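Take a look at the structure set out below.
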Amino acid sequence: MDWDFRRLGVNICVCYQVTNAQALAAWQATDQPSVEQLGRLFHCGHHCAMCVPYFQSLLQEWKQGTWPPTGDACRNASG
Ligand code: FES
């Protein structure tokens with residue numbers, strides 16, 4: 001599939017048209033980043049909630065420093 005939810009700028013919440021870049025900006029603007037915060041700000045998760053696990057993954061990876069990737073996206077050899 002072409003859709004890569006980690007690629008910066010990609011629409012994650014299709015119900016409310018919220019990108020991962022918007023989520024990142026919101027998380028960077030607070031010391032208590034959360035997926036619930038995106039619900040309060042953008043209503044993410046308030047309709048179908050399909051976006052929630054993607055935002056959860058991104059938030060976790062951002063906290064770990066592995067998202068967003070620096071430079072060109074390249075596939076990690078995952079095991
Ligand atoms: S995709 Fe976010 S609520 Fe439906």
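The values are calculated or read from the model by the stated rules, or taken from the named source; none is laboratory data. What you see is a predicted model; the values in this text were computed from it and never measured. Counting neighbours? That spans all protein chains shown, and the Cβs are built from the backbone with ideal geometry, glycine included.
Quick look at the numbers
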item	result
Matching residues in region 16-33 - criterion: being in contact (Cβ under 8 Å) with a residue 12 or more places away in the chain and either more than 17 Å from ARG6 (Cα to Cα) or crowded, with 16+ Cβ neighbours inside 10 Å (or both)	TYR16, VAL18, ASN20, GLN22, ALA23, LEU24, ALA26, TRP27, PRO33
Test: residue in region 28-47 that is at pLDDT 95 or above, charged (D, E, K, R) and within 14 Å of the ligand (Cβ to nearest atom)	yes
All positions within region 34-45 that are in a loop (DSSP other than H, G, I, E, B) and loosely packed, with under 15 Cβ neighbours inside 10 Å	SER34, HIS43
Count of region 1-19 residues which are under 9 Å from the mean Cα position of the chain (by Cα), within 12 Å of the ligand (Cβ to nearest atom) and in a loop (DSSP other than H, G, I, E, B)	1
Cβ-Cβ under 7 Å pairs, at least 6 apart or on other chains, region 50-69 side modelled with pLDDT of 95 or more and away from the ligand (no atom under 14 Å from the Cβ), far side outside any helix (DSSP H, G or I) and hydrophobic (A, V, I, L, M, F, W, C)	GLU61/TRP67; PRO68/LEU8
